[in-house]
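Novice: Below: one structure in structure tokens.
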Amino acid sequence: MYPFIRFAKVILSARNAPLVPLMETFVSQMIAWPWDIDPWKDLNNGRTLTLYDLGRVGLGLRSGLFKVLREKKWGLTVAGASIRYRKRVLMFQRFEMRTRIVGWDKRFIYMEQSNWLRGECSSHILIRAGVVSKDGLVPPEKVADAMDIASESPPLPEWVSAWIAAEATRPWPPMQADEVPVGS
């Protein structure tokens with residue numbers, strides 16, 4: 001089930017909090033509750049993705065991005081992701097989530113998020129997000145203009161550019177099981 005109580009807490013805590021610059025790192029605190037745990041007694045990988053959603057909501061609210069999206073009747077959708085899990089988060093452990101926008105290209109905004117447990121990174125995700133309207137994708141430069149920030153993206157890190165290039169070679173739609181070449 002979606003963590004609606006946590007979602008409400010993120011919204012309420014952002015109401016009177018000062019704005020943060022869109023390109024700054026937004027930090028939030030989390031706890032791995034019993035309902036977040038999988039049969040192997042650590043934070044479930046699917047729940048981790050959902051908690052990352054809450055980090056993006058926090059950044060969107062605190063930076064004013066969601067205000068602009070609401071005014072323009074735009075939405076925000078995840079268009080791709082790559083995640084690494086490196087350290088277990090156990091029940092009742094507190095961890096810190098860091099969320100930041102690393103830049104954008106002509107179509108997408110790229111965000112990275114990470115969870116930190118006692119000074120060590122437990123997981124890290126790269127998100128490709130699209131701003132959408134009833135007419136389709138909204139160019140990120142248009143979003144930046146609407147937010148009154150520089151419309152030119154900072155240079156994307158090399159590893160992000162490499163991921164974008166690798167994703168461009170990935171077949172879409174994916175092959176059906178009966179289309180996979182023998183010996184693959």
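Novice: Taking the stretch 95-140 on its own, how many of its residues are within 17 Å of the chain's Cα centre (by Cα), of a type in the set (D, E, K, R) and closer than 17 Å to residue 164 by Cα?
Specialist: 4
Novice: Return the residues of the stretch 56-75 that are open to solvent by less than 10 Å² (accessible area, probe 1.4 Å) and of a type in the set (Gly, Ala, Ser); say none if nothing qualifies.
Specialist: Those that are open to solvent by less than 10 Å² (accessible area, probe 1.4 Å) and of a type in the set (Gly, Ala, Ser): 58, 60.
Novice: Write out, first by first residue and then by second, each pair whose Cβ atoms fall under 7 Å of each other, whose residues are 6+ apart or on separate chains, and whose first residue, in the stretch 19-32, is free of Cβ contacts under 8 Å to residues at least 24 places away in the same chain while the second is of a type in the set (Ser, Thr, Tyr).
Specialist: So the pair list comes out empty.
Novice: Separate question: Would you mind stating whether residue 143 is surrounded by 10 or more Cβ atoms within 10 Å (Cβ to Cβ), under 13 Å from residue 69 (Cα atoms) and under 21 Å from the mean Cα position of the chain (by Cα)?
Specialist: yes
Novice: Looking only at residues that are in contact (Cβ under 8 Å) with a residue 24 or more places away in the chain and part of a loop (DSSP other than H, G, I, E, B) in the stretch 121-154, which one is farthest from residue 25 (Cα to Cα)?
Specialist: Once the filter is applied, the top-ranked residue is 134.
Novice: Moving on. Quick check: is even one residue across the stretch 87-97 touching a Cys at 6+ places or on another chain (Cβ under 8 Å) and touching a residue at least 24 places away in the same chain (Cβ under 8 Å)?
Specialist: So far as the stretch 87-97 goes, yes, one or more of its residues are touching a Cys at 6+ places or on another chain (Cβ under 8 Å) and touching a residue at least 24 places away in the same chain (Cβ under 8 Å).
Novice: Another one. May I ask you to say which residue of 159, 116 is among the aromatic types (Phe, Trp, Tyr) and surrounded by 15 or more Cβ atoms within 10 Å (Cβ to Cβ)?
Specialist: After applying the criteria, what remains is 116.
Novice: On the basis of being more than 24 Å from residue 11 (Cβ to Cβ) and open to solvent by less than 70 Å² (accessible area, probe 1.4 Å), does residue 53 make the cut?
Specialist: no
Novice: Under 8 Å between Cβ atoms, at least 6 apart or on separate chains: pull out the pairs that start in the stretch 51-77 with a residue that is more than 14 Å from residue 29 (Cα to Cα) and end on any residue that is among the polar types (S, T, N, Q).
Specialist: 72/133; 73/133; 74/133; 75/133
The values are calculated or read from the model by the stated rules, or taken from the named source; none is laboratory data. Everything quoted here is computed from the prediction, not taken from an experiment. Every residue, glycine among them, receives a Cβ derived from its backbone with ideal geometry; neighbour counts consider all protein chains shown. Calculation scope for accessible area: heavy atoms of the full protein, side chains included, ligands and nucleic acids excluded. Shrake-Rupley method; radii C 1.70, N 1.55, O 1.52, S 1.80 Å.
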